[in-house]
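Since every read-out is calculated from the coordinates, none of them should be taken as a lab result. Predicted, not measured: the structure shown is a model, and the values here were computed from it. Ideal geometry is used to build each Cβ from the backbone, glycine not excepted, and the neighbour counts take in all protein chains shown.
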Amino acid sequence: MENIKKKIEETLKEILDIDNIFENISEIKEEKKGDYTFPCFILSKTYKKAPNIIAAELKEKIEKKDFIEKIESVNGYLNFYVDKKYLTKIVFEEYDKKKEDYGKNNNCNKTVLIEYSSPNISKPFHIGHLRTTVIGHALYNIYKFLGYNTIGINHLGDYGTHLGKIIEAYKLWGNEYNIEENPIDELTKMYVRINKLCEEDETVLENCRNNFKLLEEGDEYCNSLCKKISDLSLIEFNRVYDLLGIKFDSIKGESTYVKYMNDILKVLEKNNKLLNSEGAKIVDLEEDGIKTPCIIQKNNGSSIYATRDLGAILYRSKTYDYDKSLYVTGYEQELHFKQVFAVAKYLDLNEKYINGLEHISYGMYRLKEGKMSTRKGNFVKLEDILIESINKAKEIIKEKNPNLENIDEVAKKVGVGAVVFSDLYNSRIKDEVFDLDEMLSFQGETCPYIQYMYVRINSILSKVDNKVLLNNVSYDKLTDEETFNIIKLIYKFNDIVSLAAEKNEPYIISRYLIKLSNAYSSFYTKNKVLSDDIEERNSRLYLIKVVGNIIKTGSNLLGIEMPEKM
């Protein structure tokens, strides 16, 4: 599709012989003052004139262009008004060519790995896991839409001291708990109990550490128990993923990468980066600006979380030849990933793999009562929240539309969508307080509001017998202000998705969808879609058809489904 900003640059180049014209053209945020602006103060030194005089002179020199409605000189700026019919035509023609793929790219030829969700086996999939899961899934969809070869990775926490604790708990009380029937709940009770005992008895804590050492050494009992716990945990995790509509391209546990520890130790030693510290093996990172050294091997010979992440980098560089490798975890892990990425520089990897490593951090979810802790048993299971949201959505829909068919299916889309959208509506780094009632509101900046707008559009289109075709559009009928506001938003869709990927911020799409829904609401209030004027009717029907599909596409990128009725 034509780039209007680029066309303005070409127009200015006809009368200006300077660099950086494109970079200085920006969109005008205030409506009714134009669409794009160019600041003439950057020319003052060259032309030795005041910006307002330069702007006035340039305005007179610009030849009439078919894509420009008018140009104004305002306080030293050149403000360009895009021709309404011109922009509407190029937007509609692009949409007609691509249909549901409008805004999509297919020729990126780059590979991005996105590691997200990554719950610990044996522990509950609680509300704290929501952020990594839905942010990661949205980024997965966004990159895929932009043409990347996208690999979604679930890096299960199936290794570490917490498993040593579960093994010890099972040795002590395994006959008291039925983990086959209700695995996560029973394992959580055991985990809370063993943590309490560890606080009271240092010997028990040491036994837990030894269990983990046995696990690394290949002890048959420990490995067999952990395999069983992992399989049982995945059954519960998959119920949550099914509710969210999430599938991964790769599911591997940390244990997969333990075998790379010796390779890591060898190459770090070869590069004179490995130091001994009280029996442990460490890498000093002072020269990388990191005061805390990275432990590679504990003093008892076992690996650490960082070692296994380094092993994963080795494996992924050989397996995927990636351009980007994103890690979606909370901001409390920032130091960990700084250390891991710094050490990775000394593993003799292609520089491309090192440069592609990026930690996508996010703020925490908190309950109204305070911070959650699995160790203390203070948490809310994500599955319970999703089911509660679905049930509440069902009650609300029943009140509004008691005879709705497929109400369970609709309630699932509304209930799950409400939780996902609320998480993705603000910048990921912001801490969030969980409030289900606010999420399910049909008014304001929520998912049910967007879904309702989509359903309203579908309702209008369902009343039309003939097909809604571009050939029937009259651009003269689409020049009012409310319509043009929608057209400008549709035109920006690809830029919005690209910006969301550039900043790894799904909320950019969420905010865009609210703007588009609001713009449609304003249009609908002032314009009768099923007008008696057949040209007006056909033109507006095509417009709302495009709006509906953009809302659906954008919502799908966030991992949200649109109901056809509501």
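Structure above, values below:
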| quantity | calculated |
| --- | --- |
| Gyration tensor verdict on the stretch 168-284 (Cα atoms; rounded if a/c is under 1.5, prolate if a/b is larger than b/c, oblate otherwise) | oblate |
| Cβ-based exposure ranking for SER555, SER250, SER462, SER122, in which fewest neighbours within 10 Å come first | SER462, SER250, SER555, SER122 |
| Two-site FRET efficiency, ASP66 against LYS400, from Cβ-Cβ distance with R₀ of 56 Å, rounded to 0.05 | 0.75 |
| Beta bridges per DSSP with both ends in the chain, % antiparallel, nearest 5 | 50 percent |
| Global geometry of the stretch 81-213, whether rounded, prolate or oblate, following the gyration tensor of its Cα atoms and the 1.5 cut on a/c | prolate |
| Unsatisfied cross-links (Cα-Cα over 23 Å) in the set LYS5/LYS59; LYS252/LYS281; LYS5/LYS528; LYS291/LYS430 | LYS252/LYS281; LYS5/LYS528; LYS291/LYS430 |
| Cβ-based net charge around ARG239, under 12 Å, with every Lys or Arg adding one and every Asp or Glu removing one | -3 |
| Computed helical MRE - 222 nm, the chain, DSSP H runs ≥ 4 contributing -39500 (n - 2.57), nearest 500 | -16500 deg cm²/dmol |
| Estimated Rh, the stretch 4-82: Kirkwood, alpha-carbon pairs, angstrom | 12.5 Å |
| Cα lying deepest toward the dipole's positive end in the chain, options LEU285, ASN355, ILE295, charges on Cβ | ASN355 |
| Rounded to the nearest 20 debye, dipole of the chain from Cβ charges on Lys, Arg, Asp, Glu | 940 debye |
| Residue (of LEU225, LEU558, ALA306) at the positive-pole extreme of the chain, dipole from beta-carbon charges | LEU558 |
| Pairs from LYS338/LYS381; LYS61/LYS477; LYS70/LYS477; LYS412/LYS545; LYS104/LYS394; LYS32/LYS463 whose Cα-Cα separation, in the structure shown, is over 26 Å | LYS338/LYS381; LYS61/LYS477; LYS104/LYS394; LYS32/LYS463 |
| At 0.890 mPa s and 25 °C, Stokes D of the stretch 382-557 from Kirkwood alpha-carbon radius, µm² per second | 141 µm²/s |
| Cα centroid of the stretch 132-189 to Cα centroid of the stretch 8-33, whole Å | 51 Å |
| Segments 256-267, 142-153, 218-229 sorted - mean Cβ within 10 Å per residue, highest first | 142-153, 256-267, 218-229 |
| Total formal charge among the other residues, if their Cβ is under 14 angstrom from that of ASN262, Lys/Arg +1 and Asp/Glu -1 | +1 |
| FRET efficiency for ASP17 and ASN355, using Cβ-Cβ distance with R0 set to 41 Å, rounded to 0.05 | 0.65 |
| Longest to shortest principal axis, alpha-carbon extents of the chain, angstrom | 84, 67, 39 |
| 13 Å beta-carbon shell around ASP476, net charge (K/R +1, D/E -1) | 0 |
| Eligible aspartates and glutamates near LYS324 by straight Cα distance, threshold 13 Å, same-chain separation 8 or greater | GLU115, GLU351, GLU358, GLU502 |
| Acute angle (nearest 10 degrees) that the helix 407-424 long axis makes with the longest principal axis of the chain, alpha-carbon atoms | 90 degrees |
| Gyration tensor verdict on the stretch 116-366 (Cα atoms; rounded if a/c is under 1.5, prolate if a/b is larger than b/c, oblate otherwise) | oblate |
